[in-house]
Each structure stands twice: as structure tokens, then as C-alpha cells.
1. For segment 48-64, which residues satisfy the criterion of being surrounded by fewer than 20 Cβ atoms within 10 Å (Cβ to Cβ), modelled with pLDDT of 95 or more and out of contact with any Cys (no Cβ under 8 Å at 6 or more places or on another chain)?
2. Of the conditions (1) closer than 12 Å to LEU110 by Cα; (2) touching a residue at least 24 places away in the same chain (Cβ under 8 Å), ARG98 satisfies every one except a single condition; which number is it?
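The values are calculated or read from the model by the stated rules, or taken from the named source; none is laboratory data. Keep in mind that what you see is a predicted model, and the values were worked out from it rather than measured. Cβ atoms come from the backbone with ideal geometry, glycine included; neighbour counts cover every protein chain shown.
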Amino acid sequence: MVGKVATAPDTTAAAPAFQVTRDGDCLRLRGQLVFATAAQALERLVASLPRDCASLVADLSGLSNSDSAGLAALVQWRAEAFRQGTPLRLVKAPDGLRALARLADLEADLLS
């Protein structure tokens, strides 16, 4: 009888990536906004909030994957922007993120 050989998980796979870049009064989010990236992404997003901006637009079209943790990060980010006095509109959400926001009854309030 031949036994199965246990293998270690593949640690060479790259962790999901998330990026935020600023172009004037527009922030562009790219990559994956998922459980594995949400906490660090939220830190980056809050740090990216300009102090000299009357309003800000966040283009979400570059998000390739998102989940409930990513949605929660966006909710927290938007709340922090408003707390700092910067109205933040989230635009061009991918269909999956929009569907998730709809399920959470956040689509009308969160996404433009």
C-alpha cells in the first residue's frame, strides 16, 4: 500500500496586490481589494487622502477582485474622508463590487 505524501502549501505564489495612485483630485485604485489586502489597503487609502482638496473622486475601475472585507475598507475610507471634511465619491465600481454593495444595501449610499 502506497501512502500519500503531504506537501507544504505553495508559498511562492505572490500575495494579492493593491495600489492607489493620485491624479489631481482623482485617486485610482488597482488590484485586489480582498481580505488579504484590506487592512493594508485601508491604511494606504487613509494616508492618500489629500488635506487640500474640496472634493475627491475614487476610480474603482482598476479593481480586479473585491470581497466583503474590501467593501468594508471602502466604507471606512469614505467615512474617514468625510470626517476630515473631504467629500469622496466612489465611481466606476466593477460589477462584482457593485453587486456586493447592493446585497449589503450600500450601493445607493456608497457608489456613484
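1. SER61, GLY62, SER64
2. The single condition ARG98 does not satisfy is (2).
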